[in-house]
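Since the structure comes first, as structure tokens, the remarks are kept for the end.
Nothing in this text is a laboratory measurement; each read-out follows from the coordinates by a stated rule. This is a predicted model, so every value here is computed, not measured. Cβ: placed from backbone, ideal geometry, glycine included. Neighbour counts: every protein chain shown.
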Amino acid sequence: MKYVKKICRVCGSEFFVLKNVEEKAFYCTLECLGKAQIASGKFLEERIGGEI
Ligand SMILES: [Zn+2]
């Protein structure tokens, strides 16, 4: 199995993922994934709210 080093989009720390999931892995932990999802959900909500 080959690992690739990535930089977390939320906290900026380095982490390693398997090469075959590299394209889907953007966050170091589930906590960071959760934060990113909350942030994007909030963004969408605000946009939709603004358009109505
Ligand atoms: Zn992170």
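State, as an integer percentage, the relative contact order of the chain based on alpha-carbon contacts under 8 Å between residues 6 or more apart.
Values: 49 pairs, mean separation 14.6, N = 52.
Across the chain, relative contact order equals 28 percent.
With angles folded into 0 to 90 degrees, how steeply does helix 30-51 sit against the dominant principal axis of the chain? Use alpha carbons for both and round to 10.
Once rounded, the angle reads 30 degrees.
Taking the Cα centre of the stretch 3-51 as origin and charging only Cβ (+1 Lys, Arg; -1 Asp, Glu), how large is the dipole, in debye to the nearest 20?
Numbers: 8 positive and 7 negative charges, 41 e Å.
That gives a dipole near 200 debye.
With viscosity set to 1.002 mPa s and temperature to 20 °C, compute the Stokes-Einstein D of the stretch 3-51, Rh being the Kirkwood radius across alpha carbon pairs; µm²/s, no decimals. Could the numbers behind the result be given before it?
Values: Rh = 11.8 Å.
After rounding, the answer is 181 µm²/s.
Work out the charge dipole of the chain with +1 on the Cβ of Lys and Arg and -1 on the Cβ of Asp and Glu about the Cα centre, then indicate which of Met1, Gly34, Gly49 is farthest towards its positive end.
Among Met1, Gly34, Gly49, the one farthest towards the positive end of the dipole of the chain is Met1.
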